[in-house]
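Encoded as structure tokens, the structure appears first; notes follow it.
The values are calculated or read from the model by the stated rules, or taken from the named source; none is laboratory data. A quick note: this is a predicted structure, and the numbers were derived from the prediction, not measured. Please note: Cβ atoms are built from the backbone with ideal geometry, for glycine as well, and neighbour counts cover all protein chains shown.
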Amino acid sequence: MAHTAGASLRHGVEEKKLDAVWEYQTSPLFTEAERVALDFTIAAASQPNDVTDELFAKLREHWSDNQVVEIVGVIALFGFLNRWNDTMATPLEEEPKAVGEKHLAAHGWNVGRHAG
């Protein structure tokens, strides 16, 4: 989470939007397309997978087939990276650690096994 939060800031997401991601379903900072993509992401990252035909249809109302492929690709890539890094207790670099502490800790994030 800390890496993707930091990347979102580097790619132009405002801090107030990052901080509001926990309330994305009701925050006016998020579009309906973003809400559906985040709903889909949470469902796809769940074990077992919670993506339904209805959720896939809603996603396709807002995103092209190519964009859906990219969304699923990112979900799958970070699923792999999270499992790898958690299993290997990969130390977290200073920048994502600082982002996590600033923007994610209030919602339960901690460096955990990745303290180095």
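Give me a count of the residues in segment 38-89 that are in a helix (DSSP H, G or I) and polar (S, T, N, Q). Result for segment 38-89: 6.
One line per residue, one yes/no per condition, for (1) under 12 Å from residue 1 (Cβ atoms); (2) surrounded by 15 or more Cβ atoms within 10 Å (Cβ to Cβ); (3) not assigned by TED's automatic domain parsing to the domain that holds residue 1:
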{"position": "13", "(1), (2), (3)": "no, no, no"}
{"position": "24", "(1), (2), (3)": "no, yes, no"}
{"position": "42", "(1), (2), (3)": "no, no, yes"}
{"position": "45", "(1), (2), (3)": "yes, yes, yes"}
{"position": "104", "(1), (2), (3)": "yes, yes, yes"}
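Against the list (1) buried (at least 16 other Cβ atoms within 10 Å of the Cβ); (2) part of a helix (DSSP H, G or I); (3) out of contact with any helix residue (DSSP H, G or I) (no Cβ under 7 Å at 6 or more places or on another chain); (4) not charged (D, E, K, R), the condition residue 20 fails is (1).
State which residue is surrounded by the fewest Cβ atoms within 10 Å (Cβ to Cβ) when the search covers only segment 84-97 and only residues that are free of Cβ contacts under 8 Å to residues at least 12 places away in the same chain and under 23 Å from residue 18 (Cα atoms). Result: 94.
Taking the criterion of being in contact with a Lys or Arg (Cβ under 9 Å, 6 or more places away or on another chain), of a type outside the set (Gly, Ala, Ser) and without any contact (Cβ under 8 Å) to a residue 24 or more places away in the chain, the residues of segment 1-25 that qualify are 24, 25.
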